[in-house]
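To start, the structure under review is shown below, and the notes come after it.
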Amino acid sequence: MRSHIRKAAAALSAVAALLLASCSAGSGAGGNGAGEDALSIGFVAEPANLDFTRTDGAAIPEALLYNVYETLVKVDQRGDIVASLARSWDVSPDRRTYTFHLVEGATFSNGAPFTAEDAKFSLDRVRTDWTVSLKKAADVVERTDVVSPTELRVTLREPSNDWLYRMTTRVGAMFSRTGVDQLATTPVGTGPYIVRKWTRGDSIILARRDDYWGPKPYFPTVTLRYFKDPTAVNNALLSGTINVISSVQTPESLGQFTGNPRYQVIEGTTNNEVLLAFNGGSGPMRNPKLRQAVRYGIDHRALLDTCWAGRGQLIGSMVPPTDPWYEDLTGLYPHDPARARQLLQESGEAGTTLRLRLPTLPYATSCGTVVKSQLEQLGFRVHLDQLEFPAAWLNTVFTNADYDMSIVGHIEPRDLGAVFGNPGYYTRYDNAAFRDLLRKADRGTPEEQVRFLREAARMVSQDAAADWLFLLPNLVVADSVITGLPRNRLSESFDLTGLGRF
């Protein structure tokens, strides 16, 4: 079976680059930041290091994926899989063999050419050297074979609807065989940017590669600025220190930008589910009646209105509306204080103090206080503490599962299986029937994939494996002269390659 050949992608990219250049060239428009040839973007979650093969969390791929590291295939703004380092690919009739036809002339930032040997090395390395939980995406790979310097064949153990999509994420990043010794500080990729300087606690400066193989991005220098205080991010844009707020952390502050011709406000959607996670492996949240009591006890609409100014969407499951198997499951646990009190008493945990351990991220701390207040009004006992993000939260909650409840946004795409299909993941959810549905969905026809994943999402929601507070919106504020900012954020990457300036 021949796959969708994406030969037009490179041509379209070239046309887009020319249009962007014509829009930007000769512009005398002003703007904030460090000048016409530089861009500065504000973020709130700084990477702990630069090695996403050994460190979990979204902050590293947010900065590096598609910008420094490239993949064989990537997702576009519609969520479709399109060409990247693979100009096209074929899929065998039994859906087990993928043959990738690679671009020619691509090089790594250390000068080494990118070949099928590097692609094989990168995919094999996920199974042998990666330590993060997402490495399980490579378990389905049986073997990789170099057919020629520009052709790679990947054979799967069984058909997988999910595997090619995973190749658009950090799991599919291509590494140099001679450039993996210092990934935590010195990334080496084929992308259009290199990490010029990282000042911990402050910024990462990316510099455009003059020898990049594809269409060059508009900005020669991009500075990713990190702020712990969301008010400081807003002030940085107002004062001209940055040009873009990558994700607004205080939605109620949008009024100071809306209607001002100096700025543009973009509002779209993401796949970033804000999860009230329950520890299903130890402690009181192993009790299903207690989990159900918490879900009935939370007034999600009031929470969203209070802690996120009503922005975002209530979903009731780990599936955003942009996925084909989305189903609105908010009705499974409607706000019912009487039912919550009843289940709390039936659980036998009425006198137990629940430890709500939050990362120091604005949405988590803001919404965490609302969760605590709502539950305490119903008779729950909740102790809230904050853990510095990323290091302390990743170590305490994510790695050691030393918590009862926590709040964190999961930006990884199509992450239903990643979050609940692995009993060793920090949620510690262990359900063989759920994992069986995931396997059926992955092996089946596209129609069966949709049906089984809907069943899986409903099962994990009915089981109250967690509570889904809301889906974060894509809220971006920027100088009005910046072009190419995405309305929807559907990948882990904050992709810089399409940005420009009028």
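Annotation note: Cβ proximity below 7 Å between a residue of region 368-393 that is at pLDDT below 95 and a residue that is in a helix (DSSP H, G or I) (sequence gap 6+ or interchain) occurs for Pro390/Ala59. Do we have Thr352 as polar (S, T, N, Q) and in contact with a Gly (Cβ under 7 Å, 6 or more places away or on another chain) here? For Thr352, the condition - polar (S, T, N, Q) and in contact with a Gly (Cβ under 7 Å, 6 or more places away or on another chain) - is not met.
Within region 307-319, does at least one residue satisfy the condition of being in contact (Cβ under 8 Å) with a residue 24 or more places away in the chain, surrounded by 15 or more Cβ atoms within 10 Å (Cβ to Cβ) and over 28 Å from Arg458 (Cβ atoms)? Within region 307-319, one or more residues are in contact (Cβ under 8 Å) with a residue 24 or more places away in the chain, surrounded by 15 or more Cβ atoms within 10 Å (Cβ to Cβ) and over 28 Å from Arg458 (Cβ atoms). Exactly one residue out of Thr107, Thr99, Thr71 is in contact (Cβ under 8 Å) with a residue 12 or more places away in the chain and in contact with a helix residue (DSSP H, G or I) (Cβ under 7 Å, 6 or more places away or on another chain): that is Thr71. Only one of the numbered conditions (1) open to solvent by 10 Å² or more (accessible area, probe 1.4 Å); (2) assigned to a helix (DSSP H, G or I); (3) hydrophobic (A, V, I, L, M, F, W, C) is not met by Ala119, and that is (1). Applying the condition of being open to solvent by 30 Å² or more (accessible area, probe 1.4 Å) and either β-branched (Val, Ile, Thr) or in a helix (DSSP H, G or I) (or both) to region 289-299 and asking which residue is farthest from Ser491 (Cα to Cα) yields Lys289. Any residue in region 328-349 that is in a loop (DSSP other than H, G, I, E, B), among the aromatic types (Phe, Trp, Tyr) and within 23 Å of Ile411 (Cβ to Cβ)? No, region 328-349 contains no residue that is in a loop (DSSP other than H, G, I, E, B), among the aromatic types (Phe, Trp, Tyr) and within 23 Å of Ile411 (Cβ to Cβ). Would you please name the residue that is modelled with the highest pLDDT, looking only at residues in region 131-157 that are over 21 Å from Leu85 (Cβ atoms) and open to solvent by less than 40 Å² (accessible area, probe 1.4 Å)? It comes out as Val132. Residues in region 89-99 that are assigned to a strand (DSSP E or B) and surrounded by fewer than 23 Cβ atoms within 10 Å (Cβ to Cβ): Asp90, Val91, Thr97, Thr99. Against the conditions (1) open to solvent by less than 30 Å² (accessible area, probe 1.4 Å); (2) closer than 23 Å to Lys135 by Cα; (3) part of a strand (DSSP E or B), Asp51 satisfies every one except (3). Among the residues of region 54-88, those that are outside any loop (DSSP other than H, G, I, E, B), within 20 Å of Ile205 (Cα to Cα) and of a type outside the set (A, V, I, L, M) comprise Pro61, Glu62, Tyr69. Checking each residue in region 287-296 for being more than 15 Å from Leu356 (Cα to Cα) and of a type outside the set (Ser, Thr, Tyr) picks out Asn287, Pro288, Lys289, Gln292, Ala293. Under the condition of being open to solvent by 40 Å² or more (accessible area, probe 1.4 Å) and assigned to a strand (DSSP E or B), which residue from region 206-235 is farthest from Ser84 (Cα to Cα)? Filtering first and then ranking leaves Arg225. Selection of region 417-454 for residues being among the small types (Gly, Ala, Ser), closer than 20 Å to Met405 by Cβ and either out of contact with any strand residue (DSSP E or B) (no Cβ under 9 Å at 6 or more places or on another chain) or in a loop (DSSP other than H, G, I, E, B) (or both) yields only Gly424.
Exactly one condition in (1) modelled with pLDDT of 95 or more; (2) open to solvent by less than 40 Å² (accessible area, probe 1.4 Å); (3) of a type in the set (Asp, Glu); (4) in contact with a strand residue (DSSP E or B) (Cβ under 9 Å, 6 or more places away or on another chain) is false for Asp402; which is it? All conditions are met except number (2). Candidates in region 243-288 are the residues that are touching a residue at least 60 places away in the same chain (Cβ under 8 Å) and part of a helix (DSSP H, G or I); of these, the one that is surrounded by the most Cβ atoms within 10 Å (Cβ to Cβ) is Met285.
Restricting region 352-370 to residues that are in a loop (DSSP other than H, G, I, E, B) and under 30 Å from Asp415 (Cα atoms) leaves a set whose member that is most open to solvent (accessible area, probe 1.4 Å) is Thr360. Within region 322-351, if we keep just the residues that are in contact with a Leu (Cβ under 8 Å, 6 or more places away or on another chain) and among the hydroxyl-bearing types (Ser, Thr, Tyr), the residue that is surrounded by the most Cβ atoms within 10 Å (Cβ to Cβ) turns out to be Ser347.
The values are calculated or read from the model by the stated rules, or taken from the named source; none is laboratory data. Remember, it's a predicted structure, so these values are computed and weren't measured experimentally. Backbone-built Cβ (ideal geometry, glycine too); neighbour counts: all protein chains shown. Note: areas computed on protein heavy atoms with side chains; ligands, DNA, RNA excluded. Shrake-Rupley method; radii C 1.70, N 1.55, O 1.52, S 1.80 Å.
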